[in-house]
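Note sheet for the following structure.
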Amino acid sequence: MEKKIINTDKAPAAVGTYSQGVEFNGVLYFSGQIGLEPKSMEMKSDFVGQLDQIMNNIDGLLESQDLKRENIIKTSIFVTDLGNFSEVNKAYESYFSEPYPARSCVEVPALPKGALVEIEVIAAR
């Protein structure tokens, strides 16, 4: 089993005991992203701002591995208020084009650093 650990300054540094991502057999598993700006590690204050920052962070992770959004095959979205689901869909539609990756979206009681939303992605080469 050979796995490659992904580490880049194009996305926020890990805030715990995990890697930003792991590649195994051409599939890249990226850790969940919250609305932290990579250089300052400051959290965006509102839901839409966090979504925008998350998408920028995901782009940074992808770019660090010479990948594009089209390489994403699955997203998992965690929100602290499912009432924001329409905002998630708006962001998703502006970020992705058809055919869309598979997706799940669940409400959770809390996220790290008080985030309102977290998104993790799986991509393939």
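What follows draws every value from the coordinates through simple rules; no lab data is involved. All of these numbers come straight from a predicted model, not from anything done at the bench. A quick note on method: Cβ atoms are made from the backbone with ideal geometry, for glycine too, and the neighbour counts reach across all protein chains shown.
A few remarks follow.
- Summary of the geometry: segment 3-20 and segment 96-125, compared by the centres of their Cα atoms, lie 17 Å apart.
- Under-17-angstrom lysine pairs by C-alpha in the chain, whenever the two are 8 or more apart or on separate chains: 5
- Taking Cα centre as origin and charging only the Cβ of basic (Lys, Arg, +1) and acidic (Asp, Glu, -1) residues, the dipole magnitude of segment 3-124 rounds to 320 debye.
- Within the set (1) 15.0; (2) 14.6; (3) 14.0, the number that Kirkwood radius over Cα pairs in Å takes when calculated for this structure is listed as (2).
- Once the C-beta distance of Arg103 and Ser19 is scaled by a Förster radius of 22 Å, the resulting FRET efficiency is 0.45 to the nearest 0.05.
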